[in-house]
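Take a look at the structure set out below.
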Amino acid sequence: MTIQWFPGHMTRAKRQIEEKLKLIDVVFELLDARVPESSRNPMIDEIVGSKPRLVLLNKADLADAEANKAWNDHFRSMGLEVLAIDANTGTGVKEIPARVKVLLKEKIERQIAKGMRPRPARALIVGIPNVGKSTLINRLAGRNAAVTGDRPGVTKGQQWIRTGGDLELLDTPGILWPKFEDPGVGFRLAATGAIKEEVLPIEEVACFLLQWLAASYRDALKERYGLADLPEELPDMAAASEVLEEIGRRRGCLGGGGRIDYEKASGVLLRDLRSGKLGRITLEAPGNEPSASS
Ligand code: G4P
């Protein structure tokens, strides 16, 4: 799903989420565990306000386990409740209701003190496109229950979905826009597939990725493509491009006249990343987000 975000869309998406906030007790802020910072909406604090919030690092199965821990600590140090999950298989998802109880403890205690029977907590899932909102809704519901619109402005009758553990979910998630200012964010989101390839040249995305992999996941990169002579550093796009050429050669990505087809080679690399064939990889570290080099 590709959404072209314009200021008008952003304002409308923000307003729609603010409307929904009135109906709910807790927000699930869904992030991509491979790019937790880049997949965050820049206005999320302002939008969510003081509503209790659970940060969910989704696709944790594809992300580096060590990095998952580091990001977990990072969000905790910001005073946020956080949980790593894999909405596809359900790993970690069962833990969500218990975390909600922690977040709403005081509210629940107040209700009990007043002699009220606590009702199920009501939650809204928010996140940028492709982060796994529908998958998580369906996972929590135990069936195909997510209502998906392909545009931020879609309004449909929204319904509550009952889930197992004292939790009700809105069937329409809140769709947020990612950050646009930093080109590195764009490259990371393109590499993970959150934004479609046409938006950025695929070869540049591949070269950006190679620079990160060469610095942070050298062994995985060398092993996957047999790159025994991988340079210590890929200081610029030209150096990364040479590695891309080598990958193309090794994978038989040939174009006209027997030349290496960089586009095909880029496709191989990106597919390997997204499918986990390069191993579990995280593309940014807390407080250490490199920007795109040219
Ligand atoms: P959205 O509603 O936020 O837009 O996202 P959606 O649930 O449609 O999920 C987007 C893609 O991410 C889906 O792949 C889905 O299977 C995958 N996904 C969601 N959660 C997880 C997870 O925890 N782990 C992994 N590995 N994948 C997850 P898709 O249908 O193949 O779409 P696409 O990748 O071709 O866009």
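The values are calculated or read from the model by the stated rules, or taken from the named source; none is laboratory data. This is a predicted model, so every value here is computed, not measured. Cβ: placed from backbone, ideal geometry, glycine included. Neighbour counts: every protein chain shown. Note: accessible area is taken over every heavy atom of the protein model, side chains too, but ligands, DNA and RNA are not part of it. Shrake-Rupley method; radii C 1.70, N 1.55, O 1.52, S 1.80 Å.
If we scan region 2-15, do we find a residue that is of a type outside the set (Ser, Thr, Tyr), in a strand (DSSP E or B) and assigned by TED's automatic domain parsing to the domain that holds Thr89? For region 2-15, residues of a type outside the set (Ser, Thr, Tyr), in a strand (DSSP E or B) and assigned by TED's automatic domain parsing to the domain that holds Thr89: absent. Taking each residue of region 37-62 that is in contact (Cβ under 8 Å) with a residue 12 or more places away in the chain and under 19 Å from Trp177 (Cβ atoms) and looking for partners that are aromatic (Phe, Trp, Tyr) and not in a strand (DSSP E or B) with beta-carbon atoms closer than 8 Å, six or more apart or interchain, yields Asn41/Trp177; Val55/Phe75. Is it the case that some residue within region 223-236 is assigned to a helix (DSSP H, G or I), open to solvent by less than 60 Å² (accessible area, probe 1.4 Å) and touching a Leu at 6+ places or on another chain (Cβ under 7 Å)? Checked against the condition, which is being assigned to a helix (DSSP H, G or I), open to solvent by less than 60 Å² (accessible area, probe 1.4 Å) and touching a Leu at 6+ places or on another chain (Cβ under 7 Å), region 223-236 yields no hits at all.
A residue that is free of Cβ contacts under 8 Å to residues at least 40 places away in the same chain, basic (Lys, Arg), assigned to a helix (DSSP H, G or I) and surrounded by fewer than 18 Cβ atoms within 10 Å (Cβ to Cβ) can be found somewhere in region 265-283. Is it the case that some residue within region 90-98 is among the polar types (S, T, N, Q) and over 26 Å from Trp212 (Cα atoms)? Scanning region 90-98, I find at least one residue that is among the polar types (S, T, N, Q) and over 26 Å from Trp212 (Cα atoms), so the answer is yes.
Residues of region 152-161 that are in contact with a strand residue (DSSP E or B) (Cβ under 8 Å, 6 or more places away or on another chain) and either modelled with pLDDT under 90 or not assigned by TED's automatic domain parsing to the domain that holds Val27 (or both): Pro152, Gln158, Gln159.
When every residue of region 69-80 is checked against the conditions, at least one turns out to be within 16 Å of the ligand (Cβ to nearest atom) and not hydroxyl-bearing (Ser, Thr, Tyr). Does Val48 satisfy the condition of being assigned by TED's automatic domain parsing to the domain that holds Asp166, at pLDDT 95 or above and more than 13 Å from the chain's Cα centre (by Cα)? Judged against the criteria, Val48 is a match. Within region 173-216, the set of residues being assigned to a loop (DSSP other than H, G, I, E, B) and not aliphatic (A, V, I, L, M) comprises Pro173, Trp177, Pro178, Lys179, Phe180, Glu181, Asp182, Gly193, Lys196, Pro201. Just one of the listed residues (Arg139, Arg119) is at pLDDT below 90 and either outside any helix (DSSP H, G or I) or not hydroxyl-bearing (Ser, Thr, Tyr) (or both), namely Arg119. Scanning region 173-202 for residues that are aromatic (Phe, Trp, Tyr) and open to solvent by less than 20 Å² (accessible area, probe 1.4 Å), we see that the one that is nearest to the ligand (Cβ to nearest atom) is Trp177.
Assess whether His9 counts as being more than 14 Å from Ile175 (Cα to Cα), away from the ligand (no atom under 14 Å from the Cβ) and touching a residue at least 40 places away in the same chain (Cβ under 8 Å). No, not satisfied. The set of residues from region 89-106 being surrounded by 16 or more Cβ atoms within 10 Å (Cβ to Cβ) and within 16 Å of the ligand (Cβ to nearest atom) comprises Gly92, Val93, Ile96.
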